[in-house]
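Asks: Questions regarding the structure given below will be posed in turn.
Where a number appears in this text, it was derived from the coordinates with a stated rule and is not lab data. In this text the structure is predicted, and so the values were computed from the model without any measurement. Glycine also receives a Cβ, built like all others from the backbone with ideal geometry; neighbour counts cover every protein chain displayed.
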Amino acid sequence: MELRHLESFLVLADELHFGRAAARLHLAQPSLTQHLQRLERRVGVRLVDRGPHRVRLTDAGAAFRDEAQRVLERAEAAVRAAREVASGRAGDVAVGFNHPAGVRILPGVLARLAVEHPRLTARLSERRSAAQLAAVAAGEIDVALAFGPPADAALRSRVLDDVPVVAVVAPGHALAGRPAVAVAELAGHDCALFARAVSPALHDAVTGAAARAGVRLPVAVEVDDTAATGIVLAGRPLVGFASRERAVEVVARGLCAVPLVEPEPVVALHAAWRSDPGPRAATFLACLDQWTCERQSAGTRPAGPGAGWSVGWCSGGASSGPSAAVPVA
């Protein structure tokens, strides 16, 4: 059964006149008659009574009309759905993100996506940066919002923002409560640093800042995530490191976060995608670009951690030193 035959029948059922129906369909009248005949043969019953002065539907034709209308509407909906997915306006796009991207980038971009492309759904998965970039390269996710840039030449990327890195210490540590610590001072304190294989960009941001300050960090322990950092620092007088957004969590666990300066370590937050991203990823990236450009034009930065939270403070908001805390911008 052909959809064009259903369409011809429905127009004829509406007009009840072969000439007018043929004109609406841009068909010759004999062609319309052939469509109806083929449809009736396929159905096996007469659908239309043709008299010399009038055309009317049979009872079977009236019943068939209602169902045929629904079939045609569903077929048209199927065409629209396929075209929307093919054009990137509907379906799913798999997006990986790290914690800073979840705080700084995703809320604004997802809000824009919901307004402009309500039928396109972002499937989100929080992963470490190295795992995200590997997943993009393998085709497991479409877009990564990760510390970068990616080392894989097959991936494309651009910088979204610079994320400050802060020092994390236990409340009794000599650096706890300081308003800021110069990176050169870290040479006198054993450190717990992310393994480079786990987070190359974060590792390089910290060691690069130390190199620019003319010192080498005494790394006593390598850790693989923020939770491990907290466990290690709770038992040993070490200096750990975290992005400013992650520092909110470590403070909540009873540790202290202290800004680093001279120079301030920053790690670039990138969007990364394959060179052939596909239409849905391209739509997501377009929303990301538009949101980023609007934010830059307005001269605003993405939201940082919770309003009123300050680095240089320990859990409970009490500074262990005399200096005022530095507010998070």
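Asks: Using alpha carbons only, how many degrees (0 to 90, rounded to 10) separate the axis of helix 200-212 from the longest principal axis of the chain?
Replies: With rounding to tens, the tilt is 30 degrees.
Asks: With the contact rule set at Cα under 8 Å and sequence spacing of 6 or more, what percent relative contact order holds for the chain?
Replies: Values: 597 pairs, mean separation 67.6, N = 329.
Dividing the mean separation by the residue count of the chain yields 21 percent.
Asks: Something else now. Whole Å is fine, so just give me how far the alpha carbon centre of the stretch 90-123 lies from that of the stretch 273-290.
Replies: Measuring centre to centre over Cα atoms gives 11 Å.
Asks: Rounded to whole Å, give me the distance from the Cα center of the stretch 147-161 to that of the stretch 210-225.
Replies: Their Cα centres are 24 Å away from one another.
Asks: Oh, and also: Please list, in order along the stretch 11-27, the HN-Hα scalar couplings obtained from phi with the Karplus expression 6.51 cos²θ - 1.76 cosθ + 1.60 (θ = phi - 60°), rounded to whole Hz, x for Gly and Pro.
Replies: 5, 5, 5, 6, 7, 6, 7, 4, x, 5, 5, 4, 5, 4, 8, 6, 10
Asks: Hey, another quick one. Do you know the relative contact order of the stretch 86-200, to the nearest whole percent, from alpha carbon pairs under 8 angstrom that are 6+ apart? Could the numbers behind the result be given before it?
Replies: On the way: 114 pairs, mean separation 31.7, N = 115.
It comes to 28 percent, rounded to a whole number.
Asks: On alpha-carbon atoms, Rg over Rh for the stretch 1-97 using Kirkwood Rh?
Replies: 1.18
Asks: Specify, per residue and in Å³, the volume enclosed by the convex hull of the alpha carbon atoms belonging to the stretch 49-191.
Replies: 211
Asks: How large is the helix-only mean residue ellipticity at 222 nm for the chain, computed as the sum of -39500 (n - 2.57) over DSSP H runs with n ≥ 4, divided by its residue count, in deg cm²/dmol to the nearest 500?
Replies: It lands at -13500 deg cm²/dmol.
Asks: Would you mind finding the longest exposed-site-free stretch of the chain, with exposed trypsin sites (Lys or Arg not before Pro) meaning DSSP loop and at most 12 other Cβ atoms within 10 Å?
Replies: 217-329
Asks: Next question, about the same structure. If we restrict to alpha carbons, what Rg and Dmax does the chain come to, in Å?
Replies: Calculated on Cα positions, Rg and Dmax stand at 31.8, 106 Å.
Asks: Right, next: Build a GNM of the chain with springs between Cα atoms under 10 Å: which of VAL71, VAL159, VAL219 gets the top mean-square fluctuation?
Replies: Evaluated over the chain, the most mobile residue of the options is VAL71.
Asks: Taking the Cα centre of the chain as the origin, how large is its charge dipole in debye, to the nearest 20, when only Lys and Arg (+1) and Asp and Glu (-1) carry charge on their Cβ atoms?
Replies: 1020
Asks: For GLU116 and ALA23, FRET efficiency with R0 = 45 Å and r from the beta-carbon atoms, rounded to 0.05? Could you put the intermediate results ahead of the total?
Replies: Values: r = 40 Å, r/R0 = 0.89.
The formula returns an efficiency of 0.65 here.
Asks: To continue, here is another question. Where the centre of each part is set by its Cα atoms, how far does the stretch 164-178 sit from the stretch 14-73, in angstrom?
Replies: First find each Cα centre; the distance between them is then 82 Å.
Asks: Among DSSP bridges having both ends in the chain, what percentage is antiparallel? Round to the nearest 5.
Replies: Details: 28 of 45 bridges.
Of those bridges, close to 60 percent are antiparallel.
Asks: Oh, and also: HN-Hα J couplings of the stretch 262-278 from phi, Karplus 6.51/-1.76/1.60, θ = phi - 60°, integer Hz, Gly and Pro as x?
Replies: 6, x, 6, x, 10, 10, 7, 8, 10, 9, 10, 7, 6, 5, 10, x, x
Asks: Please give the length that would be gained between ALA62 and ALA174 if that part of the chain were fully extended, namely 0.36 nm times their separation in residues minus their C-alpha to C-alpha distance (nm, one decimal).
Replies: Values: separation 112, 0.36 × 112 = 40.32 nm, distance 8.76 nm.
Separation in residues times 0.36 nm, less the Cα-Cα distance, equals 31.6 nm.
Asks: Further question: With point charges of +1 on the Cβ of Lys and Arg and -1 on the Cβ of Asp and Glu, referenced to the Cα centre of the chain, which listed residue (ALA144, ALA130, ALA211) lies farthest in the positive direction of the dipole?
Replies: Selected residue: ALA144.
Asks: Hey, got the dipole for the stretch 3-86? About the Cα centre, +1 on K and R Cβ, -1 on D and E Cβ, debye to the nearest 20?
Replies: 240
Asks: Using +1 at the Cβ of each Lys and Arg and -1 at the Cβ of each Asp and Glu in the chain, identify which of ALA86, ALA22, ALA192 lies farthest towards the dipole's positive end.
Replies: Checking the options against the dipole of the chain, the answer is ALA22.
Asks: Next question, about the same structure. Computed FRET efficiency, Cβ-Cβ of ALA154 and GLU7, R0 45 Å: what is it to the nearest 0.05?
Replies: Numbers: r = 46 Å, r/R0 = 1.03.
Using R0 = 45 Å, I get an efficiency of 0.45.
Asks: When HIS53, HIS117, HIS270 are ordered from fewest to most other Cβ atoms inside 10 Å of their Cβ, what list results?
Replies: Values: HIS53 4, HIS117 21, HIS270 25.
So the ranking, lowest neighbour count to highest, is HIS53, HIS117, HIS270.
Asks: Additional query: What nm value, rounded to one decimal, do you get for the distance between ALA75 and ALA220 when each label is placed 7 Å out toward the C-beta?
Replies: About 7.6 nm, to one decimal.
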